[in-house]
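Here's the structure, in structure tokens; my notes come after.
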Amino acid sequence: MRSLVIGLFCGALGLGPTAAISQNAQHWVPPAPHIPGEDLVHKTASQAGFDAWVADFKTRARREGISETVLDRAFRGIEYNSDVIAKDRRQSEFTKQIWDYLDSAASPTRVSNGQRAMRQHSRTLDAIERQYGVDKYVVSAIWGVESAYGATRGDINVIEAMATLAYDGRRGRFFEQQLMSALKIVQAGDTHPRNMKGSWAGAMGHTQFIPTSFEAFAVDGDGDGKRDIWSNDPTDALASTAAYLARHGWNTGQPWGVEVILPSGFDYSSARRDNMRSPGDWAARGVVGIDGKPVPNYGRASILLPAGAAGAAFMIFDNFAVLERYNKADAYVIGVGHLSDRLKGGPGIQASWPRGYAPLSFKEKKEMQRILKREGFLDDKVDGIVGPNTINAIRDYQTSIGVTPDGYPSQTLLQHLKS
Ligand code: CA
């Protein structure tokens with residue numbers, strides 16, 4: 001999710017992958033399709049309809065090998081939860097600018113609470129870093145962003161939430177898969193259904209794993225035989241997060257990215273994710289760290305301008321893409337990355353942001369895409385989601401009218417397109 005406008009999903013900051021979610025991202029809940037006029041919880045859903053659905057689902061679960069005992073325990077007292085549906089309906093159209101997101105992700109409180117949590121769990125974090133080769137500051141930053149270091153883990157019964165969303169039918173297959181996975185976790189003995197708490201969207205524990213991610217990647221960090229990411233002790237959750245990043249190719253010793261200074265006359269069209277160069281190569285083009293020196297050779301990198309030419313610039317490395325496996329949003333990855341730097345004692349972001357700028361609304365983004373498509377710059381669907389194809393279409397349009405091709409979907413750009 002590129003760009004700055006992000007949808008509300010799970011996690012302590014209400015950041016989710018509404019725009020440009022990768023179908024390959026395994027940690028995340030897919031965004032709901034936006035259906036105009038469907039903002040209210042539909043009144044036709046009934047407990048009787050839900051119960052009938054659960055009975056059908058149990059037949060499918062038995063075929064998958066879920067035992068009668070687990071089904072009984074898991075569904076005892078489970079009801080259709082209209083609050084979950086209301087939350088799902090509300091999450092579609094909310095936008096937040098990257099600077100607002102970063103203000104919250106790396107707020108002074110989140111930094112100081114994180115440093116305290118890291119001191120408290122230093123032996124655990126050191127052991128996890130040694131075992132998985134993943135920076136303990138990054139693991140801690142994910143913990144901080146996802147649940148404020150365990151303070152906001154979610155208190156919704158995940159079986160009930162997943163069953164309700166599966167019955168509701170929008171993304172029904174996805175949530176049925178999560179429900180099945182949750183039952184397998186119970187059957188494996190990792191936890192009791194009543195302890196399986198999380199967000200309305202099924203993100204569980206200190207670092208907010210959805211059930212399928214848990215099944216694939218969670219580990220038993222403290223060696224007691226259970227993968228317990230829900231308990232007050234964060235060991236299993238933190239180890240699971242490190243294991244998740246390691247499995248997705250974390251490069252030990254490589255930063256997520258570093259803030260850089262661009263030279264005057266910088267070729268903005270070279271700031272694209274598929275243009276990977278060595279830091280030395282970038283230095284030869286005048287791109288240097290905020291200390292004015294070439295960035296050390298951490299590996300190949302591209303230049304990311306999350307707020308276009310008017311905001312901060314980052315040189316991002318392969319680990320940026322590894323963090324995207326947690327959440328595809330640029331704002332999320334920069335938020336986690338920057339918080340990790342701050343936990344280490346690093347400085348704030350040096351460049352200023354174009355604060356006060358009004359973001360394009362969902363409707364305006366669709367209007368922008370419609371015009372880009374009509375004018376032959378965009379060959380993709382008009383969905384109000386600003387992903388890589390839309391950003392490249394914006395750049396091509398900007399180049400055609402002779403303005404800085406930063407790919408940023410601003411009000412100014414929309415005015416140009418409309419004129
Ligand atoms: Ca354990």
message: Would you confirm whether or not the stretch 125-139 contains a residue that is charged (D, E, K, R) and within 16 Å of the ligand (Cβ to nearest atom)?
response: no
Residue match in the stretch 158-178 (condition: buried (at least 23 other Cβ atoms within 10 Å of the Cβ), within 16 Å of the ligand (Cβ to nearest atom) and over 17 Å from the mean Cα position of the chain (by Cα)): no
query: Among the residues of the stretch 194-243 satisfying the criterion of being among the β-branched types (Val, Ile, Thr) and open to solvent by 10 Å² or more (accessible area, probe 1.4 Å), which is nearest to the ligand (Cβ to nearest atom)?
result: THR235
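So which residues in the stretch 350-402 are assigned to a helix (DSSP H, G or I) and aliphatic (A, V, I, L, M)? It would help to see each step written out before you state the result.
Of the stretch 350-402, the ones assigned to a helix (DSSP H, G or I) are 362-374, 388-401.
If the condition is that a residue be assigned to a helix (DSSP H, G or I) and aliphatic (A, V, I, L, M), then MET368, ILE371, LEU372, ILE391, ALA393, ILE394, ILE401 are the ones that fit.
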message: Considering only residues that are in a loop (DSSP other than H, G, I, E, B) and more than 23 Å from THR191 (Cβ to Cβ), which ones fall in the stretch 112-152?
response: GLY133, VAL134, ASP135
- prompt: If you take just the strands (runs of 3 or more DSSP E) that sit entirely in the stretch 274-342, which of them hold at least 2 residues that are at pLDDT below 95 and aromatic (Phe, Trp, Tyr)?
  reply: none
statement: Per the filter on the stretch 93-111, residues closer than 27 Å to ARG247 by Cβ and assigned to a helix (DSSP H, G or I) are TYR101, ALA105, ARG110
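Test ALA312 against the stated conditions and say whether it is open to solvent by less than 60 Å² (accessible area, probe 1.4 Å) and out of contact with any strand residue (DSSP E or B) (no Cβ under 9 Å at 6 or more places or on another chain).
Working: open to solvent by less than 60 Å² (accessible area, probe 1.4 Å): yes; out of contact with any strand residue (DSSP E or B) (no Cβ under 9 Å at 6 or more places or on another chain): no.
When the stated conditions are applied, ALA312 does not pass them.
The values are calculated or read from the model by the stated rules, or taken from the named source; none is laboratory data. None of these values were measured; they are calculated from a predicted model. For neighbour counting, all protein chains shown are included, and Cβ atoms are generated from backbone atoms with ideal geometry for every residue, glycine included. What goes into the accessible areas is simple: the full protein's heavy atoms, side chains included, and nothing from ligands, DNA or RNA. Shrake-Rupley method; radii C 1.70, N 1.55, O 1.52, S 1.80 Å.
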